[in-house]
């Protein structure tokens, strides 16, 4: 990913309970890891998802995808690089690249898209309704 | 368990994603299966946990325990017999016996205790505050 | 999906432990439901994934995607229609459509692709190495 | 727990996907957190559970219990103190105390017991069969 990406990578250590009987991490866990890395990335820019929800804004996942390139085993450390590929105040598009923390080998790529809903369940624009949070998301885009 | 137990057993088919790299179901899943079987038992007596929550009553788990007697593998069908061992309107004590649906061999025993909280987060007595639901829980005790 | 799809739909009842604090099923669970429905579809055609693994063949997930169209709540029954969109003995492409069992409303669409690996971890062709299982997968394609 | 406990506490940050619709961490996750803390404790004493399994020894959970004293919310940091209460080479008994990392308030107490199985699935004595690992487990007991 671009050197200009202002988001620092997140590291997840694969847990025993995340493995399956193939002897590798079950593929569903990567979806959760993407969530972990996404929230960590937001917090790097001062966006607390907890506070967002407490103020009445939720950000559901609209779509998610994952391509499995290599296996992750129990006790492996996986570095997850999040990249904001699109953000316009109404919709957030992210990409993820997961590599082995030690060897740097690619393990998984992924993507997710998100919208923002207000208290009444309707789509909102952060640009209009939360300009301060909007500005922080914009900074995540980098140059 | 007693022949007088009025609760019919619940069957869970072990899923692939519930296995771990030992090649068996990970031990944490049984806690979830106890929840499935508990809610099924309640529904047998006309108690919808969904409706209970919608009416402002939640029933948190106060304690849980599990003894692993035999391994469960992917694709096994497990019969779970729930037994209400104590119920007084304020506290609910349950026991669980999990056996292989085909061989009848014992796999796991468990127990859980629950209380009831109202909208304000305080402990309530179903006997006093929800006599109709209280009566249904009493029926789960059997003779 | 096409009326010619020879696969019968699978039903999953949403569990309490699958919900998150948004009050809906957490988006990662759909990936597991797709696995449940996929293995059920295989078993409808006499393919036991358990037996496949015991005979030394595993079928890892190569990619997965999911589009969330509507929310699923605890206790909802979700009908999952699996469709084999491509199968050539080496690669299996599936699509999933999840609808509310009662209202028929669309909840989620998804897709997954799979390959087949032998004991030594190398890609195999079922057509060449397991013609009997290959024929069963072909039948899942329908007309 | 005793000041003589030689095990340093482990910290888990509660994830969004660990919450349920009560708005708190689902009770089944604590069983997984106990596993995380247990493996971290072992690694503090140079015991790699991964290496143990690779050398043909597994350590299944024989029983587990958990008492829920307070709720944990998304984004809370939970400090988990593991204590070895009994170890004789054949059986390992652990206790867990989970407190809020910031306030120090008690959240959960737990316990687990474990045995050790060799390649053939039979119970083994680490004292006899793996004296080096045995010595490390003994050190976890403290004075």
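Read-outs: derived from the displayed coordinates by stated rules, not from any lab. Everything quoted here is computed from the prediction, not taken from an experiment. Note that we place each Cβ from the backbone using ideal geometry, even for glycine, and neighbour counts take in every protein chain shown.
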Computed [θ] at 222 nm, helices only, for chain C once each DSSP H run of length n ≥ 4 contributes -39500 (n - 2.57): -7000 deg cm²/dmol
Measuring label to label, 7 Å along Cα→Cβ, what does residue D:104 give against each other copy in nm, shortest first? 4.6, 5.6, 6.3
Can you give the convex hull volume of the alpha carbon atoms of segment C:76-143 per residue, in Å³? 111
Gaussian network model of chain C, Cα springs within a sub-10 Å range: biggest mean-square fluctuation belongs to which of C:115, C:32, C:66? C:32
Against the longest alpha carbon principal axis of chain C, how many degrees, from 0 to 90 and to the nearest 10, is the axis of helix C:131-140 turned? 30
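Could you quote the convex hull projected area for the protein assembly as shown, Cα atoms only and averaged over all directions, in nm²? Don't skip to the answer; put the middle values down first.
Numbers: hull surface 112.7 nm².
Mean projected area for the protein assembly as shown: 28.2 nm², to one decimal.
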Cβ-vector label at 7 Å, residue D:54, separations to other copies in nm: 3.0, 4.4, 5.3
P(r) of segment C:10-140 in 10 Å steps, Cα pairs, percent per bin? 12, 41, 28, 16, 3
Using a 7 Å offset from Cα along the direction of the beta-carbon, what are the separations from residue D:127 to the same position in each other copy, nm, ascending? 5.0, 6.2, 7.2
Which residue in chain A puts its Cβ closest to the axis that rotates chain A onto chain C, and at what distance in whole Å? A:65, 2
In degrees rounded to 10, the 0-90 angle between helix B:29-44 Cα long axis and the longest Cα principal axis of chain B is 50
Over the residues of segment D:1-42, compute the C-alpha Rg and express it relative to 2.2 N^0.38 Å. 1.41
Checking D:91, D:107, D:50 against a Gaussian network model of chain D (alpha-carbon springs below 10 Å), the top fluctuating residue turns out to be D:50
When chain D is modelled as a GNM with alpha-carbon springs shorter than 10 Å, which of D:54, D:95, D:36 fluctuates the most? D:54
